[in-house]
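Engineer: Can you keep this structure in mind? I'll have questions shortly.
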Amino acid sequence: MNISIEKKIFSEAVYKVARFAERKSSTLPALSSILILAGDDGIKMRATNLETGIDLKLEGICMSEGVVAIPATLLQQIAGSLVGEGKITLEHSGDVISLTSGTSKSAIKTVPYDDFPSIPFPENPKKNILLPGVLLRTLFSSIAACASPSTIRPELASLYFAVEGGLLTVVATDSFRLAEKKVPLSNKGIQGTFLIPAKNALEIAQALPDGDVTISFDEHQCAFVSSQGMIVSRLTSAAYPDYRQIIPKDSIVEAVVLRKDFETALKRTTIFADSFQKVSLSFDPKRKHLVLFAKNSDIGESSESLSAQILGSDLNLSFNHRFLSTVFSLTTSESISLTAAGIGRPIIIKGVGDNSLLYLISPMNQ
Amino acid sequence: MLVLQIFRNKRIIESTMDKGNPRELWEYMLTQVELSISSANFNTWFRSSFVVKIGEDGVVYIGVPSQFFKDWYLKKFHTLLLKIIRDVSYEFRNIEYMIVKDERRKPMKETVSAGRGALELPLHEFYINKSDNLNPRYTFDTFVVGSFNDLAYSAAQVAIQRPGITYNPLFIYGDTGRGKTHLVQAIGNQYKKQYPGRKVYYLTSEKFVVDYTDAVQAGTANRFKDKYRQYDLLIMDDVQFLSKKDKTQEELFHLFNALHDTNKQIIFSSDRAPVAIPDIAERLKGRFSSGMAVDISEPDPESRMVIVRKKAALHGVILSDDVVEYVATTLTGSIRELEGMVNSIVCHAQVKGLAPDIAEVRQSLRSFTRPQKSISVKNVVGRVAEFYGINEESIYEKTRRREVVRPRQVIMYLLREDFRISYPSIGTKLGGRDHTTVIHSCEKIKREIVVDTSLAKEIQNIRSLLV
């Protein structure tokens, strides 16, 4: 094999692909490697940890064909040290590959690539949806934070995708809060649901390109295909709880506040939160105030009143402040609406004018 | 030498393997695969797979975790695996790979890995940690979750994740032997693991009462109060025993308030719902049910089977499916009794050195199973006659032939000893005999059993037929 690639393209590709390689060293050496293929359909890099896998196309000049596997961590370190413009040349002979860039030259021992698994594509990819990569990336990185970090219940550690009637609904919950985001789709008539592990979704988000991405899925596997390549992930095979049941249908008070005000007030109040990270919200419709209050027996206490549009009755609820601040990464709206259904019942937070988002938090015991 | 060893292993496995048992087939396949590929390859690809089932048409279905595995098996290992199963039997025609749900794979994996444990009764089961009173044997790993207790299980998980906040107090109730103590102790053990700095304490309400009365007697009631208030998680088992102990209830009430106000998690267990505990202060009842009260209902047959399998696997014994089913369905009692049955089987297995089959299990579980009271005399007569190979009718006749007399006496003995039927009615039912005849027969058999071991064995065998 003999290929030549722009340094910048090479570094970016290694950065993207390396995160899909296996990080544990105990398994097959091929799994913690990046496979570089040079052939008829150009230059490709592949990596997989048997949960997720990536197959990325690279722009470059291919002088002679071949396949080689190189330890991912090593390649990452090399890619991180590349500076300036110019090209990097990879030449393979025997079980050694030599990297030449500018004046430097290094020879790396390769890993046998026979053990490198093939990257599976969904068996019956009839179910395809098309989305811009940018959108998908923000969707993944914002919603995935709301999924459960524990794997005791695999369905809660996953993102729920439901495609119906030209609308994609993505849901994540850790049973204390729930985020639901809806995105319109260009191609209608496809139906289906799948659960993608949140951990995988976060990694995929880092590697998705800006352009259009086709998501194909079947029962066990989903693939994100773009012009630059393909990323696949295992799906969680479990039933997602019927989350719509917990969304309160009625409300007793609704408040609309400016996002900017709420964000700064929350930031300040959070300093005084106790070890349970408790911040209480009081709705005061008479004075049109939303009051944030936190008390820590070791530090002290703080309260902050925000002027807000409030309709309904008096109410006081406590929340984990981390759950409250998550909403700022979920919506870009200038104003935020908070709808409460009563003591002990969850609160719904939405961006004003942003119908795509529904964010729900369960209150703490008083 | 090594080759010889492997060869011998193979022979042993082949000679004892049950071809129709998916688990044994898979274990055999693993031993063969392990020889042919590198250990890194083996660990990566074969750790989390298993044989799901063996089809009627000779197709072996192998369950794998994901598409990656499926593709790779087809590409790399298919011929190897096919060759191995063909060596076992020509009945196997093909291998199919299926991606299997995560939950189904896990319990399988555990039983397989635990299946080869040491065949020794572990003493650490009885070890109890002095500082927190918890028995480390009770963990969530050994806790079987089924539809009968999954609510309680989820509540327990939440209580661990957010102690003192979400469900405080957590009140778990259910009949004896449903796993309440296991669950509450598992919470304690898990909590200890998750929050190393915090203090856990487990006690029964009886211990609490004794502690309190001792403290009052010694005049150290204040120290008693301080002792219990320092804990971050307090678990009190069997609170129903507090009924009528008014002073202790009052103390618990104050302790509860102190802990609850400082957001310390409290867990109670009882054999009935908080409102149904008799003679307990109203204010305490209200507090018991103020957090979350969940009940553990009766385990369904599937869960019982899982429990039996898991308990046996913990002792390193793999039971065949029909044995598991027999054990799980024979007794409708508590999980504790179920555990007792499993222990007895395990003991038998250890003495004999191999897993018992269904007949042996029936035999050894006789003491656990209460004979059905509804069994008819005719049924007993039929079974015994069949056992001795004589005509059923002859039992009822007046004949005194030796081959009939003995079975007749055995029947009388069994009806008296096992089914508690009165002497006169046994007499009437067996062809209108006098009750003194029956008494004589029973006494005779009773005497002979002591000296005649072959008779004792016969009766034992008949009993196992009657169960």
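Engineer: Of the residues that make up region A:306-321, is at least one in the same structural domain as A:S280 (by TED's automatic domain parsing), in contact (Cβ under 8 Å) with a residue 60 or more places away in the chain, among the acidic types (D, E) and farther than 25 Å from A:I246 by Cα?
Structural biologist: no
Engineer: Restricting to region B:146-158, what's the tally of residues that are assigned to a helix (DSSP H, G or I), away from chain A (no Cβ under 12 Å) and crowded, with 22+ Cβ neighbours inside 10 Å?
Structural biologist: Applying the first criterion (assigned to a helix (DSSP H, G or I)) to region B:146-158 yields B:150-158.
Among the residues that remain, those that are also away from chain A (no Cβ under 12 Å) are: B:151-152.
Now restrict to residues that are crowded, with 22+ Cβ neighbours inside 10 Å: B:152.
Selection size over region B:146-158: 1.
Engineer: Taking A:L131 as meeting all but one of (1) in contact with a helix residue (DSSP H, G or I) (Cβ under 6 Å, 6 or more places away or on another chain); (2) more than 21 Å from A:Q245 (Cβ to Cβ), write down the number of the exception.
Structural biologist: (1)
Engineer: Any idea which of (1) under 23 Å from A:I143 (Cβ atoms); (2) polar (S, T, N, Q); (3) touching a residue at least 24 places away in the same chain (Cβ under 8 Å) is the one A:T332 doesn't satisfy?
Structural biologist: Of everything listed in (1) under 23 Å from A:I143 (Cβ atoms); (2) polar (S, T, N, Q); (3) touching a residue at least 24 places away in the same chain (Cβ under 8 Å), A:T332 misses just condition (3).
Engineer: Something else about it: Which of the numbered conditions does A:D210 fail, given that it passes all the others? Conditions: (1) surrounded by 19 or more Cβ atoms within 10 Å (Cβ to Cβ); (2) more than 14 Å from every other protein chain (Cβ to nearest Cβ).
Structural biologist: Among (1) surrounded by 19 or more Cβ atoms within 10 Å (Cβ to Cβ); (2) more than 14 Å from every other protein chain (Cβ to nearest Cβ), the lone unmet condition for A:D210 is (1).
Engineer: Among the residues in region B:168-178, are any closer than 21 Å to B:A273 by Cα, within 14 Å of chain A (Cβ to nearest Cβ), hydrophobic (A, V, I, L, M, F, W, C) and buried (at least 18 other Cβ atoms within 10 Å of the Cβ)? Working first, answer last.
Structural biologist: To start, the set of residues in region B:168-178 that are closer than 21 Å to B:A273 by Cα comprises B:168-178.
Subset that is within 14 Å of chain A (Cβ to nearest Cβ): B:168-170.
Checking which are hydrophobic (A, V, I, L, M, F, W, C) leaves us with B:170.
From what is left, the residues that are buried (at least 18 other Cβ atoms within 10 Å of the Cβ) are B:170.
For region B:168-178, residues closer than 21 Å to B:A273 by Cα, within 14 Å of chain A (Cβ to nearest Cβ), hydrophobic (A, V, I, L, M, F, W, C) and buried (at least 18 other Cβ atoms within 10 Å of the Cβ): present.
Engineer: Might you check whether a residue that is within 12 Å of chain B (Cβ to nearest Cβ), in contact (Cβ under 8 Å) with a residue 60 or more places away in the chain, within 23 Å of B:W45 (Cβ to Cβ) and buried (at least 23 other Cβ atoms within 10 Å of the Cβ) occurs anywhere in region A:49-72? First the steps, then the outcome.
Structural biologist: Step one: of region A:49-72, the residues within 12 Å of chain B (Cβ to nearest Cβ) are A:49-53.
Right, trim to in contact (Cβ under 8 Å) with a residue 60 or more places away in the chain and you get A:50-53.
Checking the rest, the ones that are also within 23 Å of B:W45 (Cβ to Cβ) come to A:50-53.
Adding the requirement that they be buried (at least 23 other Cβ atoms within 10 Å of the Cβ) leaves A:52-53.
So far as region A:49-72 goes, yes, one or more of its residues are within 12 Å of chain B (Cβ to nearest Cβ), in contact (Cβ under 8 Å) with a residue 60 or more places away in the chain, within 23 Å of B:W45 (Cβ to Cβ) and buried (at least 23 other Cβ atoms within 10 Å of the Cβ).
Engineer: Would you call B:S376 farther than 30 Å from B:L338 by Cβ and out of contact with any Lys or Arg (no Cβ under 6 Å at 6 or more places or on another chain)? Quick ask: steps written out before the conclusion?
Structural biologist: Working: farther than 30 Å from B:L338 by Cβ: no; out of contact with any Lys or Arg (no Cβ under 6 Å at 6 or more places or on another chain): yes.
No; evaluated as a whole, the condition is false for this residue.
Engineer: Something else about it: For region B:24-52, which positions are aliphatic (A, V, I, L, M), surrounded by 14 or more Cβ atoms within 10 Å (Cβ to Cβ), in a helix (DSSP H, G or I) and more than 14 Å from chain A (Cβ to nearest Cβ)? Spell out the reasoning first.
Structural biologist: Applying the first criterion (aliphatic (A, V, I, L, M)) to region B:24-52 yields B:25, B:29-30, B:33, B:35, B:37, B:40, B:51-52.
When the remaining residues are screened for being surrounded by 14 or more Cβ atoms within 10 Å (Cβ to Cβ), the result is B:25, B:29-30, B:33, B:37, B:40, B:51-52.
Still in the running and in a helix (DSSP H, G or I): B:25, B:29-30, B:33, B:40.
Across region B:24-52, the qualifying residues are B:L25, B:M29, B:L30, B:V33.
Engineer: While we're on this one: Which number in (1) within 20 Å of A:A179 (Cα to Cα); (2) at pLDDT 90 or above; (3) surrounded by 15 or more Cβ atoms within 10 Å (Cβ to Cβ) marks the one condition that A:E334 misses?
Structural biologist: (3)
Engineer: Let me ask something else. Look at region B:53-95 and say how many of its residues are over 16 Å from B:Y28 (Cβ atoms), surrounded by 13 or more Cβ atoms within 10 Å (Cβ to Cβ) and within 14 Å of another protein chain (Cβ to nearest Cβ).
Structural biologist: Within region B:53-95, residues that are over 16 Å from B:Y28 (Cβ atoms), surrounded by 13 or more Cβ atoms within 10 Å (Cβ to Cβ) and within 14 Å of another protein chain (Cβ to nearest Cβ) number 14.
Engineer: Filter region A:235-253 for residues that are surrounded by 18 or more Cβ atoms within 10 Å (Cβ to Cβ) and not β-branched (V, I, T); which is nearest to the other protein chains (Cβ to nearest Cβ)? Walk me through how you get there before you give the answer.
Structural biologist: Filtering region A:235-253 for residues surrounded by 18 or more Cβ atoms within 10 Å (Cβ to Cβ) gives A:235-237, A:240, A:253.
From what is left, the residues that are not β-branched (V, I, T) are A:235, A:237, A:240.
Details: A:L235: 9, A:S237: 5, A:Y240: 14 Å.
Result: A:S237.
Engineer: Restricted to region B:121-164, and to residues that are of a type in the set (D, E, K, R) and under 25 Å from B:D232 (Cβ atoms), which residue is modelled with the lowest pLDDT? Please lay out each step first, then the result.
Structural biologist: So the first thing to find is which residues in region B:121-164 are of a type in the set (D, E, K, R), and the list is B:125, B:130, B:132, B:137, B:141, B:150, B:162.
Next cut, under 25 Å from B:D232 (Cβ atoms) only: B:130, B:132, B:137, B:141, B:162.
Details: B:K130: 63, B:D132: 79, B:R137: 78, B:D141: 82, B:R162: 85.
Residue satisfying both the conditions and the ranking: B:K130.
Engineer: Ok, one more. Filter region A:9-48 down to the residues that are touching a residue at least 60 places away in the same chain (Cβ under 8 Å) and of a type in the set (D, E, K, R), then identify the one that is farthest from A:A205 (Cα to Cα).
Structural biologist: Looking at the filtered set, the residue picked out is A:K44.
Engineer: Would you point out the residue of region A:224-234, among those that are surrounded by fewer than 23 Cβ atoms within 10 Å (Cβ to Cβ) and either within 14 Å of another protein chain (Cβ to nearest Cβ) or of a type in the set (A, V, I, L, M) (or both), that is farthest from A:A13 (Cα to Cα)?
Structural biologist: The extreme case among them is A:V225.
Engineer: So, one more: If a residue counts only when it is within 14 Å of another protein chain (Cβ to nearest Cβ), which strands (runs of 3 or more DSSP E) contained entirely in region A:126-203 have at least 2 such residues?
Structural biologist: Values: elements: A:127-132, A:158-164, A:167-173, A:177-184, A:192-197.
It comes to A:192-197.
Engineer: For region B:383-405, name all the residues that are outside any loop (DSSP other than H, G, I, E, B), more than 19 Å from B:S464 (Cα to Cα) and either touching a His at 6+ places or on another chain (Cβ under 7 Å) or of a type in the set (D, E, K, R) (or both).
Structural biologist: Of region B:383-405, the ones outside any loop (DSSP other than H, G, I, E, B) are B:383-388, B:392-396, B:402-405.
Retained after the next criterion (residues that are more than 19 Å from B:S464 (Cα to Cα)): B:392-396, B:402-405.
Across region B:383-405, the qualifying residues are B:E392, B:E393, B:R402, B:E403.
The values are calculated or read from the model by the stated rules, or taken from the named source; none is laboratory data. What you see is a predicted model, and the numbers here were worked out from it, not measured in a lab. Here Cβ is always computed from backbone atoms with ideal geometry, including for glycine, and neighbour counts include all displayed protein chains.
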